[in-house]
Amino acid sequence: MTKHAQPHRASGASKAGLLAKLGIRTQFDLVLHLPLRYEDETTLTAIAQAREGAPVQIEGEVLACDVAYRPRRQLVVKLADATGVCVMRFLNFYPSQQKALAPGTRVRAFGEVRPGFFGGEMIHPRYRVLRVPEPLPEALTPVYPTTAGLSQHALRRSIGAALGAADLSDTLPEATRARLGLAGFAESVRLLHHPQPDTDAEGLRDRTHPAWRRIKFDELLGQQLSMRAHYRARSRETAPALAAGKLTERLRAGLPFRLTRAQARAWDEIERDLGRAHPMHRLLQGDVGSGKTVVAALAVLRAVESGRQAAVMAPTEILAEQHYRKFSQWLAPLGVRVAWLAGSRKKTERRRIAAEIAAGAVPVAIGTHALFQEGVAFRDLALAVVDEQHRFGVRQRLALREKGEAGGALPHQLMMSATPIPRTLSMSYYADLDVSVIDELPPGRTPVVTKLVADTRREEVIARIRAACNEGRQAYWVCPLIEESEALELKTAIETHARLAAELAGPAVGLVHGRLAPAEKAAVMDAFAAGRVQVLVATTVIEVGVDVPNASLMVIEHAERFGLAQLHQLRGRIGRGAQASVCILLYQQPLSEGARRRLRVVYESTDGFRIAHEDLLLRGPGEVLGSRQSGVPLLRFADLVQDEPLLRAARAVADELLERDPQAAARHMQRWMGGRTDLLKA
């Protein structure tokens with residue numbers, strides 16, 4: 001039996017390149033390249049019994065094979081069995097196909113039957129020419145994810161060879177497997193590649209079959225093992241133990257507010273870590289406005305009062321400058337010098353500041369990615385604080401930490417995120433971190449009222465802004481996100497600014513966007529903070545790091561284009577004063593189902609953790625984290641929401657194996673992670 005019109009057989013090198021496009025580099029990668037779906041070629045359906053719209057396998061004799069020219073050139077093959085005739089139609093074909101499908105040829109074809117001119121027909125079915133009678137396969141036919149140039153036939157052959165040659169022995173201790181009620185690894189893999197016709201089809205499709213359950217558990221365990229192993233390895237490294245001094249107490253005593261219970265709890269956890277001679281690797285997460293910055297300032301002071309340096313890195317110049325101002329406001333009265341280093345500063349200034357950092361004359365350096373560039377060196381970096389850590393690539397975070405490696409000691413690392421992380425995501429992708437959560441807002445923060453308004457009511461919205469300005473309040477107008485073109489987004493911002501300035505005719509309207517020169521940007525922000533500018537038109541550069549208590553109104557234009565996390569972050573720029581604040585989500589109809597759901601979630605909730613959970617449900621972990629940002633291989637098989645019980649079990653088993661059976665842990669990690677764990681240390 002032959003399958004006609006196979007692509008030319010790829011050479012070894014080109015085939016390896018095609019497999020690499022699918023992430024397949026090793027024999028075991030082939031074993032774990034599992035089917036997307038299955039086709040049932042184990043039975044034959046009589047042509048007369050073939051239901052339209054259903055994929056079936058038929059077998060018959062070719063009655064006629066002709067090239068037709070209307071409406072376009074095509075090959076039309078009439079295939080008959082004892083019950084009827086079915087047409088096979090090929091819109092793209094080779095001359096050799098016409099020859100191979102000559103009348104009298106026996107053919108077995110698989111495809112979906114559709115109504116045609118002469119009864120049922122299959123468009124481009126998969127078919128085999130039968131030279132001799134062939135038994136039907138005993139298992140369902142797997143259909144694999146593939147890439148152009150790599151046929152299903154070639155993939156099946158490679159995977160079949162790998163299944164025969166690879167070591168499929170179990171990496172789980174038998175007692176653990178039995179306790180969790182998990183199927184064996186080898187039987188699970190073989191079943192998923194070649195399921196019997198009576199296998200639970202729904203379980204295969206929904207990935208709830210016991211074989212899928214085993215594969216997903218093993219994947220989660222591999223991830224947990226690698227991250228917990230790195231966590232344990234870090235606990236064996238050394239870092240400067242930062243002793244308590246008087247500066248942190250003086251800062252707390254001088255603040256015009258008391259730390260909330262959540263802030264105090266987070267600081268206690270961080271303070272305890274900093275006092276140990278092992279590198280802290282902690283994530284401080286809290287909702288917009290929960291007061292993470294002051295906790296970070298206390299950590300920075302702990303480094304300073306120990307006679308060492310601290311660095312604070314932020315993803316944007318606006319946020320870095322905001323931190324510089326806050327830290328200066330808190331630390332300057334204590335006699336602590338703070339420097340700001342950003343790419344936009346003049347070269348001479350950057351060189352001077354870099355020289356002072358290297359000499360140790362500047363104990364606290366704040367900046368963007370400029371902090372980890374080649375010309376910057378620290379004399380004695382004891383703490384690296386990374387704000388909005390998910391906005392940095394993992395190598396960037398690693399580069400900053402390496403600035404502090406001296407004499408075999410590593411700096412402590414505190415990462416901050418104003419985007420709350422759902423519990424399952426935290427358990428999975430942040431399993432190598434200690435996590436502190438600030439889960440309450442400081443007193444005096446007023447809840448923001450969110451309103452959904454169609455853009456047909458734009459005039460009413462402008463009237464509302466005019467009234468707010470007349471009452472002495474300020475407003476933001478956020479321009480639409482245009483992902484395809486930064487230039488178009490800038491043009492829209494400039495046009496919106498001009499239009500609003502004309503329509504409001506009175507209140508001063510400012511404009512800030514990413515292409516603005518830093519000095520101009522700073523001047524506009526200063527004028528807005530001082531109240532000289534009453535309406536600020538902005539792109540998403542104001543997403544983080546802008547704090548103007550008098551701004552109590554925000555309009556987000558084309559809100560349907562923004563993601564949940566962005567909408568929540570933007571809304572967090574208001575509600576920072578005593579006045580009631582309103583966020584207007586101005587949307588354009590018609591709304592897609594996804595946009596409708598996003599807007600409904602933001603309208604109904606101001607709880608960042610609920611919003612983060614919904615974001616995970618809508619977009620999945622790959623979009624929420626970004627694989628480049630996480631530095632951790634994303635899960636291929638497990639679903640963090642559906643498989644949370646498996647994740648919990650995998651987390652417990654990971655600690656158990658690392659403690660009691662490190663050899664089994666190492667075998668399992670090698671099978672599932674291979675060499676993909678190099679960035680986990682960042």
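How large is the charge dipole for the range 201-248, taken about the Cα centre, if only the Cβ atoms of Lys, Arg (+1) and Asp, Glu (-1) carry charge, to the nearest 20 debye?
180 debye
Given N residues in the range 239-347, what is its alpha carbon radius of gyration divided by 2.2 N^0.38 Å?
Here the answer is 1.07, to two decimals.
What is the Å³ per residue value for the convex hull set by the Cα atoms of the range 505-586?
Dividing the Cα hull volume of the range 505-586 by its residue count gives 105 Å³.
Would you compute, from DSSP H runs of 4+ residues alone, the mean residue ellipticity of the chain at 222 nm, taking -39500 (n - 2.57) per run and dividing by the full residue count, rounded to the nearest 500?
Result for the chain, helices only: -12500 deg cm²/dmol.
Rounded to the nearest Å, what's the spacing between the alpha carbon centres of the range 75-111 and the range 19-34? Just the number, please.
Here the answer is 35 Å between Cα centres.
Return the FRET efficiency for the residue pair ASP526, GLN27: r is the Cβ-Cβ distance, R0 is 51 Å, and the value is rounded to the nearest 0.05.
0.25
So if I place +1 on the C-beta of Lys and Arg and -1 on the C-beta of Asp and Glu, and nothing else carries charge, what would the dipole magnitude of the range 454-608 be about its Cα centre? I want it in debye, nearest 20.
Taking the Cα centre of the range 454-608 as origin, the dipole is about 280 debye.
Starting from the Kirkwood Rh over alpha-carbon pairs, what translational D in µm² s⁻¹ does the chain have by Stokes-Einstein at 37 °C and 0.692 mPa s?
It diffuses with D of about 112 µm²/s by this estimate.
How much length, in nm to one decimal, is gained on full extension between ARG379 and THR456, taken as 0.36 nm per residue of separation minus their Cα-Cα distance?
Full extension of this stretch gives 21.8 nm more.
For a quick check of your reading of the filter: which trypsin sites (Lys or Arg not before Pro) in the range 86-170 sit in a DSSP loop and have no more than 11 other Cβ atoms within 10 Å?
Hits after loop and neighbour filter: ARG131.
Could you give the length gained on full extension between THR238 and VAL641, defined as 0.36 nm per residue of separation minus the Cα-Cα distance, in nm?
Residue separation times 0.36 nm, minus the Cα-Cα distance, leaves 141.4 nm.
Write out the trypsin sites (Lys or Arg not before Pro) in the range 562-596 meeting two conditions: DSSP loop, and at most 15 other Cβ atoms within 10 Å of their Cβ.
Sites meeting the loop and neighbour criteria: none at all.
Can you compute the label reach from ARG515? Point 7 Å from Cα along the Cβ direction, backbone N cut-off under 11 Å, restricted to the range 488-509.
488-495
Only sites in a loop by DSSP and with at most 11 other Cβ atoms within 10 Å count here; which GluC sites (Glu not before Pro) in the range 62-139 make the cut?
Taking the range 62-139 and a limit of 11 other Cβ atoms within 10 Å, the loop GluC sites (Glu not before Pro) found are GLU138.
Please get the size of the charge dipole for the chain, origin at its Cα centre, with Cβ charges of +1 on Lys and Arg and -1 on Asp and Glu, quoted in debye to the nearest 20.
Here the chain has a charge dipole of around 1300 debye.
On the first, second and third principal axes, largest extent first, how far apart are the outermost C-alpha atoms of the range 61-192 in Å?
Rounded to whole Å, the extents work out to 66, 34, 29 Å.
For the chain, with the dipole built from +1 on Lys and Arg beta-carbon atoms and -1 on Asp and Glu ones, taken about the Cα centre, which of PHE90, GLY531, CYS65 lies farthest toward the positive end?
About the Cα centre, the residue reaching furthest to the positive side is GLY531.
What shape does the range 73-139 have by the C-alpha gyration tensor, where a ≥ b ≥ c are the square roots of the eigenvalues, rounded means a/c under 1.5, and otherwise prolate means a/b greater than b/c and oblate the rest?
oblate
Could you compute the FRET efficiency for ASP198 and GLU440, with r as their C-beta to C-beta distance and R0 at 45 Å, rounded to 0.05?
After rounding, the FRET efficiency stands at 0.25.
So, for the chain, what is the accessible surface per residue at a probe of 1.4 Å, expressed in square angstrom?
45 Å²
Quick check: from the Cα gyration tensor, does the range 162-301 come out rounded (a/c under 1.5), prolate or oblate?
prolate
Please report the spacing between the Cα centers of the range 291-317 and the range 549-619 in Å, no decimals.
30 Å
I'd like the distance separating the alpha-carbon centroids of the range 151-177 and the range 466-528, in whole Å.
Taking the Cα centre of each part, the range 151-177 and the range 466-528 sit 58 Å apart.
Can you give the relative contact order of the chain as a percent, counting alpha carbon pairs under 8 Å and 6+ residues apart?
Over the chain, the number comes to 13 percent.
Give, as a single signed number, the net charge of other residues whose beta carbon lies under 12 Å from the beta carbon of ARG473, with Lys and Arg counted +1 and Asp and Glu -1.
Overall, the nearby charge balance is +1.
Considering the dipole of the chain built from charges on the beta carbon (Lys and Arg +1, Asp and Glu -1) around the Cα centre, which of GLY181, LEU511, HIS613 is farthest to its positive end?
LEU511
Roughly how many percent of the accessible protein surface of the range 263-337 is carbon and sulfur, given a 1.4 Å probe and a whole-percent answer?
Carbon and sulfur atoms account for 46 percent of the accessible area of the range 263-337.
The values are calculated or read from the model by the stated rules, or taken from the named source; none is laboratory data. Keep in mind the model is a prediction, meaning the values are calculated, not measured. Backbone-built Cβ (ideal geometry, glycine too); neighbour counts: all protein chains shown. Ligands, DNA and RNA are stripped out before the accessible areas are found, and what is left, the full protein with its side chains, is counted by its heavy atoms. Shrake-Rupley method; radii C 1.70, N 1.55, O 1.52, S 1.80 Å.
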